[in-house]
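The values are calculated or read from the model by the stated rules, or taken from the named source; none is laboratory data. The shown structure was predicted, so the numbers you read here are calculated from the model rather than taken from an experiment. Quick reminder, even Gly has a Cβ in these numbers, built from the backbone with ideal geometry, and neighbours come from all protein chains shown. To get the accessible areas, we keep the full protein, side chains included, count just its heavy atoms, and leave off ligands, DNA and RNA. Shrake-Rupley method; radii C 1.70, N 1.55, O 1.52, S 1.80 Å.
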Amino acid sequence: MTKFMDVHHGMKGITAEQLSAAHRADLAIESEEGVHFEQAWADPEAGTVYCLSEAPSKEAVMRIHERAGHPVTEVHPVPLYVS
């Protein structure tokens, strides 16, 4: 499985509650596409949200976000990382 970082734009003013609800919506259906969303971050001032996931494909990530109600067009594979 590959890690992916996706970026949502246009979410200016998003609150921690809203971010948590969106993340929970993804988690509720992620297994249907073999995706696992690990974390989400937001910059409410800029309106940008970032999600880190593990998935079989970028398209699987996009389908889950679409079905959960927050579509995304910017999804990047993360083939190299350190922790």
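Miscellaneous remarks
- Of the set (1) of a type outside the set (S, T, N, Q); (2) closer than 10 Å to residue 4 by Cα; (3) surrounded by fewer than 19 Cβ atoms within 10 Å (Cβ to Cβ), all apply to residue 69 but (2).
- Residue in the range 36-51 that is of a type in the set (D, E, K, R), touching a Lys or Arg at 6+ places or on another chain (Cβ under 6 Å) and more than 11 Å from residue 70 (Cα to Cα) present: no
- Here is the figure for the range 21-40: residues that are open to solvent by 50 Å² or more (accessible area, probe 1.4 Å) and in contact (Cβ under 8 Å) with a residue 12 or more places away in the chain total 5.
- In the range 41-56, the residues that are under 9 Å from residue 12 (Cα atoms) and surrounded by fewer than 14 Cβ atoms within 10 Å (Cβ to Cβ): 43, 45, 46
- Listed conditions (1) modelled with pLDDT of 95 or more; (2) closer than 21 Å to residue 1 by Cβ; (3) open to solvent by 30 Å² or more (accessible area, probe 1.4 Å) are all met by residue 81, apart from (1).
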